[in-house]
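For reference, the structure is listed below as structure tokens.
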Amino acid sequence: MSKIQLKFFSKIIGVALLALLPLSCKDSETYADYVESEKEEIATFITSNNIAVTEKMPEGTGQWKDGNRELYYNYTSGKADGLYYHQVELGDGDLVPQNNWTAYVRYVGYTLSGKEIYNCTARYSPDPQGFVLLNSPYGTRFGVGFQQAVKNLRVGGHCKVIIPFDIGNSYNITINGGNRSDIDNKQPMLYEIWLVGLE
């Protein structure tokens, strides 16, 4: 191979490598990059939906509004760190959901762009989903964020939550019948949850 051919070949390889560089950088996003991107996505969702956020849990059932805006409580420490919780209706009775109790729920799960992923409501399932409340996502398909939301309710209660992927659900059946994971998809989700029963 002549020197001219070698120089030309080197330039071609150099251009090809430069063209691949942006792809290799995208593929090598770190976990910190995903977390930062998620925070921005949640912040944009909160702003565009005119949601008010507080770091002090409102008491009772009538204080979950800030003027005409829905008020979400943001967990900033502990296992549910990052959860945004809005109580629509507390529910009835004195029973407070506890670890190792079975909770029966109905829920709908959406991406923050509004795509419906999960649906366990009367129109799709005649029976509520039962699961054992724990302090971890292990042993249940419902993650820490979902479980904390349920623990805030009483039977008959209803809430809306924004759940970061880090405390999201493990594999669960989608409305199309496949399995999907909030965590593995690194996808924050918006859930609407109704607590139907406890035992």
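The values are calculated or read from the model by the stated rules, or taken from the named source; none is laboratory data. No experiment lies behind these values; they were computed from the predicted model shown. FYI the Cβ positions are ideal-geometry reconstructions off the backbone, even for glycines, and counts take in every protein chain you see. Heads up: the accessible areas ignore ligands, DNA and RNA and are worked out on the full protein's heavy atoms, side chains in. Shrake-Rupley method; radii C 1.70, N 1.55, O 1.52, S 1.80 Å.
The table that follows gives values for the structure above.
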read-out: Members of region 149-171 found to be closer than 22 Å to GLU70 by Cβ, touching a Gly at 6+ places or on another chain (Cβ under 6 Å) and not in a loop (DSSP other than H, G, I, E, B), listed by number; value: ILE163, ILE167
read-out: Residue in region 121-139 that is among the charged types (D, E, K, R) and open to solvent by 60 Å² or more (accessible area, probe 1.4 Å) present; value: yes
read-out: Yes/no for GLY109 being buried (at least 21 other Cβ atoms within 10 Å of the Cβ) and either of a type in the set (D, E, K, R) or within 30 Å of ALA43 (Cβ to Cβ) (or both); value: yes
read-out: Selection status of THR140, at pLDDT below 95 and either more than 26 Å from GLU199 (Cβ to Cβ) or touching a Phe, Trp or Tyr at 6+ places or on another chain (Cβ under 7 Å) (or both); value: yes
read-out: Residues (open to solvent by 60 Å² or more (accessible area, probe 1.4 Å) and of a type in the set (A, V, I, L, M)) located in region 150-199; value: ILE173, ILE175, VAL196
read-out: Verdict on PHE146 being crowded, with 23+ Cβ neighbours inside 10 Å, within 11 Å of the chain's Cα centre (by Cα), touching a residue at least 12 places away in the same chain (Cβ under 8 Å) and assigned to a loop (DSSP other than H, G, I, E, B); value: no
read-out: Hits in region 44-80 (condition: among the charged types (D, E, K, R), at pLDDT 95 or above and open to solvent by 70 Å² or more (accessible area, probe 1.4 Å)); value: ARG69
read-out: One residue from GLU89, GLU116 being touching a residue at least 24 places away in the same chain (Cβ under 8 Å) and loosely packed, with under 15 Cβ neighbours inside 10 Å; value: GLU116
read-out: Tabulated pairs, region 52-81, first more than 21 Å from ILE167 (Cβ to Cβ), second of a type in the set (Gly, Ala, Ser) and modelled with pLDDT of 90 or more, C-beta under 6 angstrom, 6+ apart or interchain; value: ASP66/ALA52; ARG69/ALA52
read-out: Qualifying residue in region 167-182 (condition: modelled with pLDDT of 95 or more, within 29 Å of ALA32 (Cα to Cα) and in contact with a Phe, Trp or Tyr (Cβ under 9 Å, 6 or more places away or on another chain)); value: no
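Residue-by-condition table, conditions (1) under 20 Å from the mean Cα position of the chain (by Cα); (2) within 22 Å of LYS151 (Cβ to Cβ); (3) of a type in the set (A, V, I, L, M, F, W, C):
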residue	(1), (2), (3)
THR44	yes, no, no
ALA52	yes, no, yes
GLY60	no, yes, no
GLN63	no, yes, no
ASN68	no, no, no
ALA80	yes, yes, yes
LEU83	yes, yes, yes
HIS86	yes, yes, no
